[in-house]
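Below is one structure, written out as structure tokens; comments come after it.
The values are calculated or read from the model by the stated rules, or taken from the named source; none is laboratory data. Small disclaimer: the values here were computed from a predicted structure and weren't measured. Here the Cβ positions follow ideal geometry from the backbone for every residue, glycine too, while neighbour counts run over all protein chains shown. Heavy atoms of the whole protein, side chains included, go into the accessibility calculation; ligands, DNA and RNA do not. Shrake-Rupley method; radii C 1.70, N 1.55, O 1.52, S 1.80 Å.
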Amino acid sequence: MYELIITLILISLGYFFGHRAEKKHYKSIIAREKVMNSLPAIASRMPPQDGAYDQMLVSGNVVIANDYFKMFVAGLRNLFGGQMRSYETLLDRARREAILRMKDEAKALGAQAVFNVKYETSNISGQTKKRMPVIEVHAYGTALTKI
Amino acid sequence: MFISNLEFMTGKNVTKHLGLVQGSSVRAKHAGRDIMAGIKNLFGGELTAYTELLTESREEATERMIEQAKAVGANAILNVRFSTSSITAGAAEIYVYGTAVILDGLD
């Protein structure tokens, strides 16, 4: 009985704080993306051939976790199969955040663009109890600065 | 030392390839951070302690790669790749590798 009550409290806490945190995060991501639009991240391996550029490796990473409510919902979803929205938004947020951090680093160097952008996603949840989803996204690329 | 994940450097020629250089680092965090992360896990959001840990770990791996490149007399590392693997509970391995080269017109 007590276990059930505790679980319900955790789920409602997770829903309340998790929902708020996600909304806030999306708002900040969209605002910062607008600012960073002037600095494109390009997946191409070929840098422009017009003139000389300084090349420097830049990277950004973020470790992000799902809240208890979403984990519970995902557990239910696992029974029936189908789209797991809670994980999709989690990964979307993590990727966009990592790219933004990479661009921050590039901007500090005065770069014009970031080329050959690669993503790397790894699950590091083996480290916490109950195998809660903890995901790391690392984005890296080469910042080109006109000399 | 120039480090880049492109295969060449704009406006500069590679005079010599010196082969693969690599660096790795395995790190674990202390128990206090682990407990904090567990609490944070309930509410979701970023686990700053882990982010810092992995950033430090990557810097160390890169540092080791650079040392190795200096030892073979390179002045740049091209085509750099990262990889992460969680080898055991509480530790992650960061591995970074690239091609050490000598570029024209660099000190």
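Would you check if there is a residue in the range A:50-63 being assigned to a loop (DSSP other than H, G, I, E, B) and at the interface with chain B (Cβ under 8 Å from one of its Cβ atoms)?
Looking through the range A:50-63, at least one residue is assigned to a loop (DSSP other than H, G, I, E, B) and at the interface with chain B (Cβ under 8 Å from one of its Cβ atoms).
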ask   = Which residue out of B:G38, B:G73, B:G98 is surrounded by 14 or more Cβ atoms within 10 Å (Cβ to Cβ) and either more than 10 Å from every other protein chain (Cβ to nearest Cβ) or at pLDDT below 80 (or both)?
value = B:G38
task = Could you tell me whether the range A:1-24 includes any residue that is closer than 30 Å to B:T62 by Cα, within 14 Å of chain B (Cβ to nearest Cβ) and at pLDDT 85 or above?
result = no
request  = Output the residues belonging to the range A:88-110 that are in contact with a strand residue (DSSP E or B) (Cβ under 8 Å, 6 or more places away or on another chain) and either loosely packed, with under 13 Cβ neighbours inside 10 Å or away from chain B (no Cβ under 12 Å) (or both).
outcome  = A:L91, A:R95, A:I99, A:L100, A:K103, A:D104, A:A106, A:L109, A:G110
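Would you please name the residue that is modelled with the lowest pLDDT, looking only at residues in the range A:119-146 that are within 24 Å of A:Y53 (Cα to Cα) and open to solvent by 60 Å² or more (accessible area, probe 1.4 Å)? Even if it seems obvious, please write down each step before you answer.
Initial filter on the range A:119-146 (within 24 Å of A:Y53 (Cα to Cα)): A:119, A:139-146.
Remaining after also requiring open to solvent by 60 Å² or more (accessible area, probe 1.4 Å): A:119, A:146.
Values: A:Y119: 93, A:K146: 85.
Only one residue tops the list, namely A:K146.
Across the range A:3-45, what is the total count of residues that are aliphatic (A, V, I, L, M) and in contact (Cβ under 8 Å) with a residue 24 or more places away in the chain? Walk me through it before giving the result.
Here is the first cut: in the range A:3-45, the ones aliphatic (A, V, I, L, M) are A:4-6, A:8-11, A:13, A:21, A:29-31, A:35-36, A:39, A:41-43.
From the residues that got through so far, the ones that are in contact (Cβ under 8 Å) with a residue 24 or more places away in the chain too are A:10-11, A:13, A:21, A:29, A:36, A:39, A:41-43.
So the answer is 10.
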request  = For the range A:36-49, name all the residues that are modelled with pLDDT of 85 or more, more than 21 Å from B:R81 (Cα to Cα) and either at the interface with chain B (Cβ under 8 Å from one of its Cβ atoms) or open to solvent by less than 50 Å² (accessible area, probe 1.4 Å) (or both).
outcome  = A:M36, A:L39
ask   = Is it the case that the range A:116-138 has a residue that's within 12 Å of chain B (Cβ to nearest Cβ), out of contact with any helix residue (DSSP H, G or I) (no Cβ under 9 Å at 6 or more places or on another chain) and among the aromatic types (F, W, Y)?
value = no
